Every structure is written in C-alpha cells, then in structure tokens.
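Presented below is the structure to which this report refers.
A short reminder: the numbers here are calculations on the coordinates, not readings from a lab. This structure is a prediction, so every number in the text was calculated from the model and none was measured. When we count neighbours, we look across all protein chains shown, and the Cβ atoms used for this are built from the backbone with ideal geometry, even at glycine.
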Amino acid sequence: MGGMQTALLDTPIGTLTVGATARGLRLVQFPHDRAGEGEGEQAGVPEQAGKAGKPDRLAEAQLGEAVQQLREYFDGTRTAFDLALDWYGVNGLRLTVLKLLAAVPFGETVTYGDLAKGSGAGLTASQAVGGIMGSNPLPIVVPCHRVLAADGLGGFGGGLRTKEWLLAWEGVIPPALDWDF
C-alpha cells in the first residue's frame, strides 16, 4: 500500500491541503499551517506517492472524493460529508471527542463543555476538548468550527476570521461585510 496522496484546493477561505490514504481522508490543512507546498501543484491534482513511485489508486480515489465533497461544501451544494476517515494516530479521548464532533450537523453548534460531557470525561475536561479541537487533523469535515466557548466563539486553528466565515456560511451567525483573506 502506498502513502498519503495530497492535493491543493482553492476555497473562499484560502488554499487547503487535502490528504488521503487508501483508508480514507487523513488531512485537511489550512494555508497558514501548511508545511511547504510543492511548486507547480494544482488544486485537485494529487501528488504521485507510493511504492517505487507508483501512485496508490485507492488513495487517489479517496482523495478525489474528498476534494469533490469539499468543493461541493464551498459551492453551497453539500451540507454533510460522506467520506471514509483515516484516523491514523488519533486515539483515546481525542478519537472519542472527534467522532462526537463529526456528528454535529451543518448549521448547528456545540460547546466545549457539551463535547466533554458527551465523551464521558465530564465538564471538567472542557480545556482538554479545546486542545483536541486545536489538533483536529480534519477540520471542516470534522467541524471544529462548530464548537463554541460558553461565552463566545472560542478559538480556531484556522484563525478566528475563518471560523466566523464558516459559521456565517452555515447560517449560524450573520455574515461580515468584508471577508478579506
């Protein structure tokens, strides 16, 4: 089995790096935390990776489906993702919380406390949930932008303007007049 295939996807919030393996979507990364993008790559065109330079066709198929569904989300024609997710390296409370979060529907929100309580860790784990949101490998698909602090928006790995844009896109908050990304 080959490695992870990646593609760049231009969106209203910037260029995302999307990565998938034969098992499913493994990575959605915002522009500011991307570690060096290859020159000449185009959105939706996977890198060729895998054994002996041969592409991993299953990973390419998973990547193609993920890119397509993300495009549909940003085009306004998709409100739920139907993708295989590769949870490699994610386990314990982190996996429990992220799987709970994946079930939060488009246009709805939860609090850090809700996720802590739902995970069985209790309300005192709200700070731990905040840390888990910051390490979410699949933002947007596993919608950490839908998690709010008890007293406001809370933080967001993609930046507060991005969180505000995504919440406005989903109709949770009114849109700003200027989304200068």
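What is the magnitude of the charge dipole of segment 56-181 about its Cα centre, with +1 placed on the Cβ of each Lys and Arg, -1 on the Cβ of each Asp and Glu, and no other charges, expressed in debye to the nearest 20?
Roughly 380 debye, rounded to the nearest 20.
Can you tally the net charge around Val90? Count Lys and Arg as +1, Asp and Glu as -1, for every other residue whose Cβ sits under 13 Å from the Cβ of Val90.
With Lys, Arg at +1 and Asp, Glu at -1, the net is +3.
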